[in-house]
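Contents: one structure, followed by commentary.
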Amino acid sequence: MNTSTVVIVKKYSSQSPGSIGPESLREMYLQGLSTLAGQRDSKDTVLAYFKDKDRVGIKINTIGGKKISTAPETSLALAKLITENGLAENNVIIWDRTNRELKDAGYSLNMNQKGIKVFGTDSKSVDYNRNLISFLSIGSLFSSIQADTITASVSLAVLKDHGLAGVTASMKNYFGAIHNPNKYHDNHCNPFVAELFASPPIRNKHRISILDALTVQYHRGPSYHATWAENYGALIFSKDPVAADTVGWQIIEKLRRKKGLPSLKEEQRDPVYLQTAEKMGLGTSNPEHINILEMEV
């Protein structure tokens, strides 16, 4: 089996991860993306993932409110790195399900022709594509952003414990791209997370998984609970979404052990969908076949 690479970039600071500045975030993104792509120049790095005419969607997760969502500073730092190195600003969209959730997480909406766009699927003239897509166990309407507007997709998801799935990270983040995610939470979201990711509107456009592990909710997720939220200060990168989420799972387990909590397996909610994803050829969930590169900026 081929080895998948996962890059973990940590920012060591006396400040909380939420206060990491734009320049530091840019440095973290550039370090992670360039290491993974094997490039040194920032433009070559960006163009290793995207074509200059691509319309890039950065799918974030804002369902948890301001304290446990991808912060505007975090996603905008990535968007600006992309637009400063070959892609037009109006071809980059930071998006999620609803404008309300985006605003609650601190985002300012922008649907203008100028600048990086920020808006939800429920925006006027956006909505879900009306053609039902049936794929394996999935039968859903996809956000027109994912289905029609963008040509390349980034999953930028907060790393969190999840009461049903065990772990929610880059793959499950795409539950926010369909109109009926409530249908897919049985059996620990298995096989639904894997099958949704494998569906053409996602798999054909996905370029990279980035886990926002600046703050990690390692218990009682996916909502925010300060008692079980760790200021971890990291961004995690991989072209293999299964490997990225497997490493995220390992981090959650490490934080749980540190606090004397049982493992997710002991609680009978380990993310078995990752094994399903591996069987489907989406990536590797075997830690022995994941090469982890850790670095500090």
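The values are calculated or read from the model by the stated rules, or taken from the named source; none is laboratory data. Computed from a predicted model, the values in this text were never measured in an experiment. No Cβ is skipped: glycine too gets one built from the backbone with ideal geometry, and neighbour counts run over all protein chains shown.
Out of VAL242, VAL216, VAL193, I need the residue that is crowded, with 20+ Cβ neighbours inside 10 Å, in a strand (DSSP E or B), of a type in the set (A, V, I, L, M, F, W, C) and touching a residue at least 12 places away in the same chain (Cβ under 8 Å). Which one? First the steps, then the outcome.
Details: VAL242 fails: in a strand (DSSP E or B); VAL193 fails: in a strand (DSSP E or B).
Of VAL242, VAL216, VAL193, the one residue that is crowded, with 20+ Cβ neighbours inside 10 Å, in a strand (DSSP E or B), of a type in the set (A, V, I, L, M, F, W, C) and touching a residue at least 12 places away in the same chain (Cβ under 8 Å) is VAL216.
Being free of Cβ contacts under 8 Å to residues at least 24 places away in the same chain and either in contact with a strand residue (DSSP E or B) (Cβ under 6 Å, 6 or more places away or on another chain) or surrounded by fewer than 16 Cβ atoms within 10 Å (Cβ to Cβ) (or both) is true for just one of SER199, SER263, SER209. Which residue is that?
None of the others qualify; the one that does is SER263.
Is it true that some residue in the stretch 142-151 is assigned to a strand (DSSP E or B), touching a helix residue (DSSP H, G or I) at 6+ places or on another chain (Cβ under 6 Å) and either at pLDDT 95 or above or not aromatic (Phe, Trp, Tyr) (or both)? Before you say what the answer is, go through the steps one by one.
As a first pass, look at the stretch 142-151 and keep what is assigned to a strand (DSSP E or B): 142-143.
The next check asks that each one be touching a helix residue (DSSP H, G or I) at 6+ places or on another chain (Cβ under 6 Å); those that pass are 142-143.
If we keep only those that are either at pLDDT 95 or above or not aromatic (Phe, Trp, Tyr) (or both) too, we end up with 142-143.
Yes, the conditions are met somewhere in the stretch 142-151.
What number of residues in the stretch 93-120 are in contact with a helix residue (DSSP H, G or I) (Cβ under 6 Å, 6 or more places away or on another chain), part of a strand (DSSP E or B) and of a type outside the set (Asp, Glu)?
Number of matching residues: 3.
Given THR5, THR35, which one is assigned to a helix (DSSP H, G or I), closer than 30 Å to HIS289 by Cβ and of a type outside the set (D, E, K, R)? I'd like the intermediate steps shown before the answer.
Details: THR5 fails: assigned to a helix (DSSP H, G or I).
Checking each option against the conditions leaves just THR35.
Give the residues of the stretch 42-84 that are farther than 22 Å from ARG100 by Cα, part of a loop (DSSP other than H, G, I, E, B) and modelled with pLDDT of 95 or more, sorted by residue number.
Answer for the stretch 42-84, where residues must be farther than 22 Å from ARG100 by Cα, part of a loop (DSSP other than H, G, I, E, B) and modelled with pLDDT of 95 or more: ALA48, TYR49, PHE50, LYS51, LYS53, ASP54, ARG55, GLU84.
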